[in-house]
Amino acid sequence: YKWYEIQDTIDYYEEFEKPKIMWPEIAGSARFAYDDTGYYANNKVFIIPDGTQYLLGLLNSSLLRFFIDNNCTHLQGNRSNFSGIFVRRTPIRTIDFNKPSEKAIHNKLVTLVERMLDLHKKTAALPLSAEREKMERDIAVTDEKIDDIVYGLYGITDEERIVIENRKRN
């Protein structure tokens, strides 16, 4: 055995090399990132191995971030504990791929999430400029489109949406 093998089982290390969804344990808000580069993280980051863009879109939507935020432990300094035990409670809307309408919604959401990932990657490489501001507006519009789809998937009413949106602004 190598020295590190004695302290912990290592049969999970390959999970880090797969495409995955990652999120920090302690943060100001629930936020989820997609990694397809094989990034390794420490024990303050949780991962969902084989995480999909569909799941990423759900988790980063205003609706599920509202749910997660209301089900986690709040800490001092406007921070929260987003441990796996809290995120695991999140209701994930599954798609019936035998229904063409649901498959179309899934595909549209995945396309928007892929666009969002691309926009963020491009924006991060730009200095402050008119072009960067335009891309940030595109990100906001794409985010709203994702929210619209997710609200529809979960059957959220206009009144419920107002509550969620008002909470998001505060």
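The values are calculated or read from the model by the stated rules, or taken from the named source; none is laboratory data. Keep in mind it's a predicted model, so treat the numbers as computed, not measured. Here Cβ is always computed from backbone atoms with ideal geometry, including for glycine, and neighbour counts include all displayed protein chains. What goes into the accessible areas is simple: the full protein's heavy atoms, side chains included, and nothing from ligands, DNA or RNA. Shrake-Rupley method; radii C 1.70, N 1.55, O 1.52, S 1.80 Å.
The table below gives the values:
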quantity: Top-ranked residue in the range 89-123 [being of a type in the set (Lys, Arg) and free of Cβ contacts under 8 Å to residues at least 12 places away in the same chain; ranked as nearest to residue 137 (Cα to Cα)]; calculated: 121
quantity: Matching residues, the range 113-126, being at pLDDT 95 or above and more than 16 Å from the chain's Cα centre (by Cα); calculated: none
quantity: Failed criterion for residue 149 (all others in (1) closer than 16 Å to residue 60 by Cβ; (2) among the aliphatic types (A, V, I, L, M); (3) free of Cβ contacts under 8 Å to residues at least 40 places away in the same chain hold); calculated: (3)
quantity: Of residues in the range 29-50 being under 17 Å from the mean Cα position of the chain (by Cα) and of a type in the set (Gly, Ala, Ser), the one nearest to residue 67 (Cα to Cα); calculated: 30
quantity: Pair list, Cβ under 9 Å, 6 or more apart: the range 66-78 residue more than 16 Å from residue 151 (Cβ to Cβ) and assigned to a helix (DSSP H, G or I), other residue modelled with pLDDT under 90 and charged (D, E, K, R); calculated: 69/167; 70/167
quantity: Residues satisfying the stated conditions in the range 83-97, i.e. of a type in the set (Phe, Trp, Tyr) and open to solvent by 90 Å² or more (accessible area, probe 1.4 Å); calculated: 97
quantity: Close pairs from the range 48-59: first at pLDDT 95 or above and aliphatic (A, V, I, L, M), partner open to solvent by less than 20 Å² (accessible area, probe 1.4 Å) and part of a strand (DSSP E or B), Cβ under 9 Å, at least 6 apart; calculated: 55/21; 56/21; 59/21; 59/23
quantity: Residue, modelled with the lowest pLDDT, within the range 146-170, restricted to residues that are open to solvent by less than 70 Å² (accessible area, probe 1.4 Å), aliphatic (A, V, I, L, M) and part of a helix (DSSP H, G or I); calculated: 164
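Residues are listed down the side, and each one gets a yes or a no for (1) modelled with pLDDT of 95 or more; (2) open to solvent by 80 Å² or more (accessible area, probe 1.4 Å):
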| site | (1), (2) |
| --- | --- |
| 70 | no, no |
| 81 | no, no |
| 99 | yes, yes |
| 102 | yes, no |
| 108 | yes, yes |
| 111 | yes, yes |
| 128 | no, yes |
| 138 | yes, no |
| 144 | yes, yes |
